Amino acid sequence: MSGRTLVVGGGIAGLVTALRLVKRGERVSIIDGETTVGGLTRPWDIGGVTWDRFYHVVLASDVETRALLEEIGLIDRLVFAPVKTALYVEGKLYPFSGALDFLAFPELGVVDKLRLLATIFHARYSGNDAAYDWESVIEYLTRWSGKATVERIWRPLLRAKLGDHYATASAAFIRATINRLQGARQRGVGGEQYGYVRGGYAAVLAALEARLRELGVDFVLGSRVREIVAHDGYVRVTLDSGEIAGDRAILTVPSPVCAALCPQLTAVERRTLAQDRYFGVVCVSLLVNRRLGNAYVTNVADAGFPFTGIINMSALVDRTQLGGYDLVYVPKYGPPEERAFTLSDDVLIAQATRGLSRIFAGFTPSDVVAARVARATHVFPFPRLGRAQSLPPARTSLRRVAVVNNGRLRYATLNVSDTIGVVDAALTELDNDPIWRYAHESRALAGSR
Ligand SMILES: Cc1cc2nc3c(=O)[nH]c(=O)nc-3n(C[C@H](O)[C@H](O)[C@H](O)COP(=O)(O)OP(=O)(O)OC[C@H]3O[C@@H](n4cnc5c(N)ncnc54)[C@H](O)[C@@H]3O)c2cc1C
């Protein structure tokens, strides 16, 4: 008989943590404030189409995601297809997918293009990311790409992703972004191949939850965690409604939430967790009855477009799964106190529709069949200088409480595969931690007496 571990957060990190533990014979409860699991990957309904509320693709290099799909019996539903990329800059839309597009791109001279290629190669193959954690992203890009390319391409793209805070971001961020995108090129012939699971993340979550239930995981949904207190021999989790006790708690929620939930943490621990300033996202989804180009991603380097870019899911996913429409996402990332987070759905939808009309000739608001806005306040920690060097250990001073969240990603942009990788690394760290093991084993022994 073993003790019970309480996993706080039922996003991918929490679900995978539970899967790893229950497969070793541990008893696990997953607690999530929402009534359904999945966190950022949760689906919703838009105009009768069920798909992810935030866009998701699987890359050829996403080994952990593929292993998970294999494990839950969905690998046959993973479909890869070539995708195109576009760039909207200086009021014009350019194809930006392969070498030919790049050579034909008129906004940069030959030398600038060579330097841009050198930047990508350097980010991809120079290794030793730690050295770049302390270098500012602008310094790094200016050194490799030159001033003209920074002004014309990089600065607007960084501003689109990180708002006006981009200048204080570390070079490790752009290197991780380049690396992830280059990971998609492995399978394509001179271009990218992206993958998706037929049925979207709704199918993934349904299979994963069914597997967890079959293995005996207990789900406590629809009640937010308010406080976690460690006692001698057990942990007590206070919810909006009621309390749960367990031997140990593993927190997979964002770092500032961990700090707020655990008043017993030391001042240093709470400061370290709370100083991770998370960026959120406001994402307009539009179901449209006209073809909006053939690019999956259109990066927009234009100060007049108040969003990060445009993602057309129908450029990848078979349209029969999307009601025959184009499903287009128009996201805006930023700190949750930023203005975009205070705007109403109607205002955001009108802004997105206006922006698309400027970029895609002939598109008008009457082409929109359905529109919804998704918001998340905690998506990824801002990649500040030196951040990767100051991550705390997984186990906290509370002995029975550990933090295994995506804030532990060091040199990667947020994605499902690396989130799973972080969980696995943290669980290994905890397995090798005698204090953590003791918190579990002593209770299990007591239970068996
Ligand atoms: C716009 C967007 C696009 C993306 N695109 C891709 C992509 O193309 N490919 C890819 O691989 N990844 C993508 N991702 C990233 C992917 O969604 C994340 O890596 C992954 O979902 C993170 O899972 P998580 O469990 O770490 O966090 P979350 O999903 O945030 O889960 C945290 C959970 O904790 C719960 N919670 C929080 N506070 C409390 C509380 N007090 N009490 C109880 N429960 C609480 C929440 O309800 C949530 O369910 C994208 C993300 C976004 C936002």
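Every number here is computed from the coordinates shown, using simple stated rules; none is lab data. Everything numeric in this text was worked out from a predicted model, so none of it was measured. Reconstructed Cβ throughout: ideal geometry from the backbone, glycine too, with neighbour counts over all protein chains shown.
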Checklist entry - How big is the equivalent ellipsoid of the chain along its three axes, where each semi-axis is √(5λ) from the Cα gyration tensor, reported in whole Å from largest to smallest? => result 39, 25, 20
Next on the checklist: Quick check for you: which residues of segment 318-349 have the amide N under 19 Å from the point 7 Å beyond the Cα of Asp164 toward its beta carbon?
Outcome noted: 332-343
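Taking other Cβ within 10 Å of each residue's Cβ, how do Lys92, Lys113 sort, fewest first?
Result, fewest neighbours first: Lys92, Lys113.
Could you work out the relative contact order of segment 99-183, using alpha carbon pairs under 8 angstrom and six or more residues apart, expressed as a whole percent?
Once normalised by length, the contact order is 38 percent.
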Item to check | Per-residue HN-Hα couplings for segment 79-96 [Karplus 6.51, -1.76, 1.60; θ = phi - 60°; Hz; x = Gly/Pro] | outcome: 10, 9, 8, x, 10, 10, 10, 9, 9, 9, 9, 6, x, 10, 9, 10, x, 9
Checklist entry - Just how large is the dipole of segment 325-449 about the Cα centre, in debye to the nearest 20, putting +1 at every Lys and Arg Cβ and -1 at every Asp and Glu Cβ? => result 460
Checklist outcome for this item: One finds, for Leu103 and Arg399 with R0 = 56 angstrom and r their Cβ-Cβ distance, a FRET efficiency to the nearest 0.05 of 0.40
Item to check | Asp318 versus Ala148: modelled label distance in nm, points set 7 Å from Cα along the beta carbon direction | outcome: 4.7
Checklist entry - Taking the simple approach of a point 7 Å from Cα along Cα-to-Cβ for both Thr50 and Ala67, what is their distance in nm? => result 2.9
Item to check | Spatial separation of Cα centroids for segment 53-122 and segment 127-154, in angstrom | outcome: 20
Checklist entry - PRE reach from Val110 (point 7 Å along Cα→Cβ): which of segment 126-151 fall under 16 Å by backbone N? => result none
Checklist entry - Over segment 276-429, what relative contact order in percent results from Cα pairs under 8 Å that are six or more residues apart? => result 29
Checklist entry - What 222 nm value per residue comes from the helices of the chain, counting each DSSP H run with n ≥ 4 as -39,500 (n - 2.57) and dividing by all residues, nearest 500 deg cm²/dmol? => result -10000 deg cm²/dmol
Checklist outcome for this item: Per GNM of the chain with C-alpha springs under 10 angstrom, the most fluctuating residue out of Arg180, Arg27, Arg437 is Arg437
Next on the checklist: Highest mean first, how do 155-163, 248-256, 232-240 rank when packing is the count of other Cβ atoms within 10 Å averaged over residues?
Outcome noted: 248-256, 155-163, 232-240
Next on the checklist: Using Cα springs under 10 Å in a Gaussian network model of the chain, which residue among Leu409, Leu261, Leu100 shows the largest mean-square fluctuation?
Outcome noted: Leu100
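Work out how much length Glu34 to Val79 would gain on full extension: take 0.36 nm times their residue separation and subtract the Cα-Cα distance, in nm to one decimal.
13.3 nm
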Next on the checklist: Spelling out what I want: for every residue of segment 99-109, take phi, set θ = phi - 60°, compute 6.51 cos²θ - 1.76 cosθ + 1.60 (Karplus), and round to whole Hz; glycine and proline get x.
Outcome noted: 4, 5, 4, 5, 5, 7, 4, x, 7, 10, x
Checklist outcome for this item: Listed with the fewest Cβ neighbours within 10 Å leading, Trp51, Trp436 appear as Trp436, Trp51
Checklist outcome for this item: Expressed to two decimals, segment 99-183 has a Cα Rg over Rh, using the Kirkwood radius, of 0.95
Checklist entry - For Arg290 and Lys92, FRET efficiency with R0 = 22 Å and r from the beta-carbon atoms, rounded to 0.05? => result 0.60
Checklist entry - Taking the simple approach of a point 7 Å from Cα along Cα-to-Cβ for both Ala118 and Glu243, what is their distance in nm? => result 6.4
Next on the checklist: Once R0 is set to 35 Å, what does the formula 1/(1 + (r/R0)^6) return for the Cβ-Cβ distance between Tyr125 and Ala274, expressed as a FRET efficiency to the nearest 0.05?
Outcome noted: 0.45
